[in-house]
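Input: a single structure, listed below in structure tokens.
What follows is calculated from the coordinates using simple rules that are stated; it is not laboratory data. Quick caveat: nothing in here was measured; it's all calculated off a predicted structure. Cβ sites come from the backbone with ideal geometry, for glycine too, and all protein chains shown count toward neighbours.
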Amino acid sequence: MNVRLTLVFLTLFTAFAARPSLAQSPLVLDPAKLRLASLNAVIVDASANRSVYAKGADAVTPIASLTKLMTAMVTLDAALPPDEKITIDMDDLDYLKGSHSRLRMGAELPRSEMLRLALMSSENRAASSLARTYPGGTRAFVAAMNAKAAALGMTHTRYADSTGLSAQNVSTANDLAMLVAAAAEYPQIRDFSTTASHYVEVQPTGQILGYNNTNNLVKNGQWDIKLSKTGYIREAGKCLVMLATIASKPFVIVLLDSAGKYTRLGDAQRVRHWLETGETLPASAEAKPAAKARKAKPVAYRASARKTASRI
């Protein structure tokens, strides 16, 4: 990783290491004891700026809505008015995957709310509207995304849109670890991406819409997650990236191309158990994250929010 990202990881470690911890002998981590279903993965110990586990970490693959972390950084770098109202229009509709959205034509929200929904609920029309209202429009926004990736040293990363619906948005697990570290420098991205649930009042109708985070682990009290983003399109499989405190240390976790509905959550649970104990998670414990995830959804959300695969 380049010098800039090294400094980012050191900054992260300083922030996370401020809390007291019990003295203990160093844990020996054997990568052979971590068995992940995700096809591509990397785990980075941010306190030492080193990878402790890698699986196909340099393979270039579609990244789906993990794209939205870069969308958020480019939006915030532009320092556009957060309270400026943005209106959903025809250019924000998904003609590629046909994904569902409750932000209908003419729906109006402040830019900051569009950014929050794009990060926490992976709202595609919100992400599209952020690019469309960027100075120079969507084309200039995508160019800025690619320029930012290059500046961060993400040499195997390319962006074609701001939502991640395009399979032409590609990266590697190692590049995405850099992306997570860079995104963690932005307090709003940390806050918005880990918001468990949120309500917005959509103008001009005044309709109240409730949204939940696409990563149910942010609602799980056993996790200390500082940044999160999920992703899915058919070409990418289920994806998840996080910055989390585990065993009193910050770790960047990148899980790409998982097949099952709850596989990425199961993999995250396996990663945490391995980092805490150095051992393989018993098979009897692997089903627990899925059960907790289902219980975490409030009734109001299940009734009012219909998700499609390409949003998460």
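Computed values, structure above
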read-out	value
Inter-centroid distance (Cα atoms) of the range 38-54 relative to the range 252-282, Å	12
Neighbour-count order for 272, 264, 125, fewest beta carbons within 10 angstrom listed first	272, 125, 264
Cα-centre dipole for the range 107-204 with unit charges at Cβ (Lys and Arg positive, Asp and Glu negative), debye to 20	260
